[in-house]
Amino acid sequence: MKITDSDASFLKGEKFTSGLMFPLGGVGSLKSTTNRLGYLRELVKGKRIIHVGCVDHLPLIEEKRKSGNWLHEILTGSAEYCVGLDINKEGIEHLGKLGIRDLYCLDIIKDAIPGALKSQKFDYLVLGEMIEHVDNPVEFLAAVRTKFSGFVDALVTTTPNAFRFQNLVHTLRRREYINSDHRYWFSPYTLAKVLAQAGYENVEIDMVWDSPLRGAVSSTLKAVIGSAFPATRDCLIARSQFSNVRPN
(Lines give C-alpha, C1' and ligand atoms only; values in the text may rest on other atoms or scores of the structure.)
Protein backbone atom coordinates (compact mmCIF):
# COMPACT_ATOMS: atom_id res chain seq x y z
CA MET A 1 0.00 0.00 0.00
CA LYS A 2 1.34 3.38 -1.01
CA ILE A 3 0.97 6.40 1.23
CA THR A 4 -1.05 9.15 -0.46
CA ASP A 5 0.01 12.80 -0.35
CA SER A 6 -2.98 13.50 1.88
CA ASP A 7 -1.97 10.82 4.40
CA ALA A 8 1.68 11.93 4.21
CA SER A 9 0.74 15.35 5.54
CA PHE A 10 -0.60 13.68 8.70
CA LEU A 11 2.44 11.41 9.01
CA LYS A 12 4.76 14.42 8.86
CA GLY A 13 2.68 16.37 11.38
CA GLU A 14 1.67 19.04 8.88
CA LYS A 15 -1.99 18.27 9.54
CA PHE A 16 -3.82 16.91 12.58
CA THR A 17 -7.11 15.20 13.30
CA SER A 18 -8.23 13.03 16.18
CA GLY A 19 -10.33 10.91 13.82
CA LEU A 20 -8.21 10.02 10.79
CA MET A 21 -9.56 7.13 8.69
CA PHE A 22 -6.42 5.43 7.34
CA PRO A 23 -7.19 2.87 4.58
CA LEU A 24 -6.01 -0.68 5.24
CA GLY A 25 -7.22 -2.50 2.14
CA GLY A 26 -4.53 -1.97 -0.48
CA VAL A 27 -1.80 -4.59 -0.77
CA GLY A 28 -0.83 -4.16 -4.41
CA SER A 29 -0.26 -7.38 -6.31
CA LEU A 30 0.69 -9.51 -3.30
CA LYS A 31 -0.90 -12.94 -3.07
CA SER A 32 -3.03 -13.56 0.00
CA THR A 33 -0.63 -16.38 0.97
CA THR A 34 2.61 -14.35 0.76
CA ASN A 35 4.86 -14.83 3.81
CA ARG A 36 7.63 -12.66 5.26
CA LEU A 37 10.63 -14.82 4.35
CA GLY A 38 9.40 -15.43 0.82
CA TYR A 39 8.70 -11.73 0.34
CA LEU A 40 12.19 -10.74 1.50
CA ARG A 41 13.82 -13.45 -0.61
CA GLU A 42 12.22 -12.04 -3.74
CA LEU A 43 12.79 -8.41 -2.75
CA VAL A 44 16.57 -8.74 -2.34
CA LYS A 45 17.15 -11.07 -5.31
CA GLY A 46 20.20 -9.82 -7.20
CA LYS A 47 20.56 -6.79 -4.90
CA ARG A 48 23.38 -5.54 -2.69
CA ILE A 49 22.16 -5.39 0.90
CA ILE A 50 23.14 -4.85 4.52
CA HIS A 51 21.37 -7.05 7.07
CA VAL A 52 21.32 -5.56 10.56
CA GLY A 53 20.75 -8.09 13.36
CA CYS A 54 22.02 -10.96 11.22
CA VAL A 55 22.66 -13.32 14.14
CA ASP A 56 19.02 -13.50 15.25
CA HIS A 57 18.73 -15.64 18.42
CA LEU A 58 21.97 -17.64 18.69
CA PRO A 59 20.44 -20.77 20.31
CA LEU A 60 17.88 -21.01 17.48
CA ILE A 61 20.20 -20.71 14.49
CA GLU A 62 20.72 -24.44 13.86
CA GLU A 63 17.04 -25.21 14.26
CA LYS A 64 16.12 -22.43 11.83
CA ARG A 65 18.78 -23.53 9.34
CA LYS A 66 17.40 -27.08 9.32
CA SER A 67 13.89 -25.81 8.65
CA GLY A 68 15.09 -23.25 6.07
CA ASN A 69 13.80 -20.33 8.12
CA TRP A 70 17.00 -18.53 9.13
CA LEU A 71 16.69 -15.07 7.63
CA HIS A 72 20.37 -14.27 7.10
CA GLU A 73 20.94 -17.48 5.16
CA ILE A 74 17.88 -16.74 3.03
CA LEU A 75 19.12 -13.22 2.30
CA THR A 76 22.69 -14.27 1.48
CA GLY A 77 21.36 -16.99 -0.81
CA SER A 78 19.21 -14.55 -2.78
CA ALA A 79 21.12 -11.25 -2.78
CA GLU A 80 24.04 -10.53 -5.09
CA TYR A 81 26.00 -9.41 -2.02
CA CYS A 82 24.94 -9.41 1.63
CA VAL A 83 26.80 -7.87 4.57
CA GLY A 84 25.78 -8.92 8.07
CA LEU A 85 25.95 -6.57 11.06
CA ASP A 86 25.23 -7.48 14.68
CA ILE A 87 26.15 -6.30 18.15
CA ASN A 88 26.43 -9.91 19.37
CA LYS A 89 30.16 -10.75 19.32
CA GLU A 90 29.65 -14.39 20.24
CA GLY A 91 27.05 -14.72 17.52
CA ILE A 92 29.27 -13.13 14.86
CA GLU A 93 32.10 -15.49 15.82
CA HIS A 94 29.71 -18.46 15.55
CA LEU A 95 28.58 -17.37 12.08
CA GLY A 96 32.21 -17.08 11.03
CA LYS A 97 32.79 -20.70 12.09
CA LEU A 98 29.84 -21.68 9.89
CA GLY A 99 31.73 -20.23 6.94
CA ILE A 100 29.62 -17.11 6.60
CA ARG A 101 31.58 -14.11 5.38
CA ASP A 102 31.22 -10.33 5.21
CA LEU A 103 30.34 -9.97 8.89
CA TYR A 104 30.88 -7.02 11.23
CA CYS A 105 30.37 -6.89 14.98
CA LEU A 106 29.30 -3.38 15.88
CA ASP A 107 26.63 -1.20 17.44
CA ILE A 108 25.17 0.60 14.43
CA ILE A 109 24.22 3.62 16.56
CA LYS A 110 27.30 4.06 18.75
CA ASP A 111 30.09 2.72 16.55
CA ALA A 112 31.54 4.24 13.40
CA ILE A 113 30.53 2.54 10.17
CA PRO A 114 33.62 0.90 8.59
CA GLY A 115 35.06 2.75 5.63
CA ALA A 116 34.96 -0.50 3.65
CA LEU A 117 31.16 -0.28 3.75
CA LYS A 118 30.79 3.48 3.27
CA SER A 119 32.87 3.32 0.11
CA GLN A 120 30.37 0.93 -1.50
CA LYS A 121 26.79 1.28 -2.73
CA PHE A 122 23.88 -0.80 -1.41
CA ASP A 123 20.28 -1.17 -2.51
CA TYR A 124 18.73 -2.03 0.87
CA LEU A 125 19.40 -2.00 4.58
CA VAL A 126 17.22 -4.67 6.18
CA LEU A 127 15.94 -4.35 9.77
CA GLY A 128 14.11 -7.60 10.43
CA GLU A 129 11.83 -7.76 13.50
CA MET A 130 13.92 -5.20 15.37
CA ILE A 131 12.17 -1.88 15.96
CA GLU A 132 9.65 -3.40 18.37
CA HIS A 133 12.63 -4.19 20.63
CA VAL A 134 14.15 -0.68 20.84
CA ASP A 135 13.19 1.90 23.47
CA ASN A 136 12.75 4.86 21.11
CA PRO A 137 12.01 3.75 17.52
CA VAL A 138 11.93 7.27 16.03
CA GLU A 139 15.29 8.17 17.56
CA PHE A 140 16.74 4.82 16.50
CA LEU A 141 15.49 5.04 12.90
CA ALA A 142 16.66 8.64 12.60
CA ALA A 143 20.14 7.61 13.73
CA VAL A 144 20.14 4.76 11.20
CA ARG A 145 19.14 7.22 8.46
CA THR A 146 21.98 9.58 9.33
CA LYS A 147 24.53 6.76 9.54
CA PHE A 148 23.65 5.02 6.27
CA SER A 149 22.35 7.78 3.99
CA GLY A 150 24.60 8.36 1.02
CA PHE A 151 25.59 4.73 0.41
CA VAL A 152 22.28 2.88 0.99
CA ASP A 153 19.23 3.64 -1.15
CA ALA A 154 16.34 2.27 0.90
CA LEU A 155 15.35 0.84 4.27
CA VAL A 156 13.34 -2.37 4.64
CA THR A 157 11.68 -2.76 8.04
CA THR A 158 9.64 -5.74 9.22
CA THR A 159 7.65 -5.93 12.45
CA PRO A 160 4.70 -7.86 13.92
CA ASN A 161 1.30 -6.41 13.00
CA ALA A 162 -0.82 -5.10 15.88
CA PHE A 163 -3.97 -6.10 13.97
CA ARG A 164 -2.86 -9.69 13.30
CA PHE A 165 -5.65 -12.24 13.48
CA GLN A 166 -4.09 -14.20 16.34
CA ASN A 167 -4.03 -11.03 18.47
CA LEU A 168 -7.78 -10.73 18.08
CA VAL A 169 -8.22 -14.38 19.08
CA HIS A 170 -6.12 -13.97 22.22
CA THR A 171 -7.83 -10.68 23.08
CA LEU A 172 -11.20 -12.41 23.02
CA ARG A 173 -9.70 -14.90 25.45
CA ARG A 174 -8.77 -11.98 27.72
CA ARG A 175 -5.01 -12.25 27.34
CA GLU A 176 -2.11 -10.79 25.37
CA TYR A 177 0.28 -13.15 23.58
CA ILE A 178 3.60 -11.35 23.11
CA ASN A 179 7.39 -11.64 23.07
CA SER A 180 8.37 -10.42 26.54
CA ASP A 181 11.14 -8.19 25.11
CA HIS A 182 8.78 -6.19 22.87
CA ARG A 183 8.18 -2.53 23.72
CA TYR A 184 5.60 -1.73 21.02
CA TRP A 185 2.95 -3.02 18.67
CA PHE A 186 2.84 -1.28 15.29
CA SER A 187 -0.14 -0.76 13.01
CA PRO A 188 0.28 0.24 9.34
CA TYR A 189 -0.29 3.89 10.24
CA THR A 190 1.99 4.04 13.29
CA LEU A 191 4.79 2.23 11.44
CA ALA A 192 4.51 4.75 8.59
CA LYS A 193 4.36 7.54 11.18
CA VAL A 194 7.61 6.66 12.95
CA LEU A 195 9.40 6.28 9.61
CA ALA A 196 8.14 9.67 8.43
CA GLN A 197 9.05 11.31 11.74
CA ALA A 198 12.54 9.78 11.46
CA GLY A 199 12.99 11.47 8.08
CA TYR A 200 12.34 8.65 5.61
CA GLU A 201 10.49 9.28 2.36
CA ASN A 202 8.18 7.42 -0.04
CA VAL A 203 6.97 4.93 2.57
CA GLU A 204 5.19 1.83 1.26
CA ILE A 205 3.77 -0.92 3.47
CA ASP A 206 2.79 -4.50 2.69
CA MET A 207 1.05 -7.00 4.96
CA VAL A 208 2.15 -10.65 4.91
CA TRP A 209 1.98 -13.85 6.93
CA ASP A 210 4.87 -14.65 9.25
CA SER A 211 5.55 -18.09 7.74
CA PRO A 212 4.35 -20.29 4.88
CA LEU A 213 0.76 -21.46 5.28
CA ARG A 214 0.64 -25.18 6.02
CA GLY A 215 -2.25 -27.58 6.39
CA ALA A 216 -5.15 -27.70 3.95
CA VAL A 217 -7.79 -26.31 6.29
CA SER A 218 -5.67 -23.67 8.06
CA SER A 219 -4.06 -22.50 4.83
CA THR A 220 -7.39 -22.11 3.08
CA LEU A 221 -8.90 -20.28 6.04
CA LYS A 222 -5.96 -17.89 6.37
CA ALA A 223 -5.86 -17.26 2.64
CA VAL A 224 -9.56 -16.37 2.63
CA ILE A 225 -9.25 -14.11 5.69
CA GLY A 226 -6.04 -12.54 4.39
CA SER A 227 -7.62 -11.83 1.03
CA ALA A 228 -10.75 -10.23 2.47
CA PHE A 229 -8.98 -8.46 5.36
CA PRO A 230 -5.28 -7.89 4.50
CA ALA A 231 -4.69 -5.98 7.72
CA THR A 232 -5.17 -9.18 9.75
CA ARG A 233 -2.00 -10.76 8.37
CA ASP A 234 0.87 -11.38 10.78
CA CYS A 235 3.59 -8.96 9.68
CA LEU A 236 4.13 -5.48 8.30
CA ILE A 237 6.94 -4.83 5.83
CA ALA A 238 7.79 -1.21 5.10
CA ARG A 239 10.03 0.05 2.31
CA SER A 240 11.19 3.65 2.55
CA GLN A 241 13.81 5.84 0.93
CA PHE A 242 16.81 7.34 2.69
CA SER A 243 17.11 11.10 2.32
CA ASN A 244 20.19 12.73 0.81
CA VAL A 245 21.82 13.42 4.17
CA ARG A 246 25.45 12.31 4.06
CA PRO A 247 26.62 9.86 6.75
CA ASN A 248 28.84 11.00 9.61
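The values are calculated or read from the model by the stated rules, or taken from the named source; none is laboratory data. The model shown is predicted, which means the values in this text are computed figures rather than measured ones. Virtual Cβ from ideal backbone geometry, glycine too; neighbours counted across all protein chains shown. Areas reflect the complete protein model, heavy atoms only, side chains present, ligands, DNA and RNA absent. Shrake-Rupley method; radii C 1.70, N 1.55, O 1.52, S 1.80 Å.
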*When residues of region 1-44 are limited to those that are within 30 Å of L213 (Cα to Cα) and β-branched (V, I, T), the one most open to solvent (accessible area, probe 1.4 Å)*: T33
*What is the number of the single condition among (1) aromatic (F, W, Y); (2) buried (at least 19 other Cβ atoms within 10 Å of the Cβ); (3) over 29 Å from G13 (Cβ atoms) that Y200 does not meet?*
(3)
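Which of the residues spanning region 155-172 are over 12 Å from the mean Cα position of the chain (by Cα) and touching a residue at least 24 places away in the same chain (Cβ under 8 Å)?
A162, F163, R164, F165, Q166, L168
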*Within region 22-50, how many residues are of a type in the set (A, V, I, L, M, F, W, C) and at pLDDT 90 or above?*
6
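Within region 45-66, which residues are free of Cβ contacts under 8 Å to residues at least 12 places away in the same chain and open to solvent by 60 Å² or more (accessible area, probe 1.4 Å)?
Result: H57, P59, L60, E62, E63, R65, K66.
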*Scan region 54-70 and give yes if some residue there is among the aliphatic types (A, V, I, L, M) and outside any helix (DSSP H, G or I), otherwise no.*
yes
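I'd like the full set of residues that are loosely packed, with under 15 Cβ neighbours inside 10 Å and either β-branched (V, I, T) or not in a helix (DSSP H, G or I) (or both), limited to region 82-120.
The answer is L98, G99, R101, D107, I109, K110, D111, A112, P114, S119, Q120.
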_Every residue from region 143-159 that is touching a helix residue (DSSP H, G or I) at 6+ places or on another chain (Cβ under 8 Å) and surrounded by fewer than 20 Cβ atoms within 10 Å (Cβ to Cβ)_ = G150, F151
*Search region 93-120 for residues that are touching a residue at least 12 places away in the same chain (Cβ under 8 Å) and pair each with any residue that is surrounded by fewer than 12 Cβ atoms within 10 Å (Cβ to Cβ) when their beta-carbon atoms are under 7 Å apart and the residues are at least 6 apart or on different chains.*
C105/K89
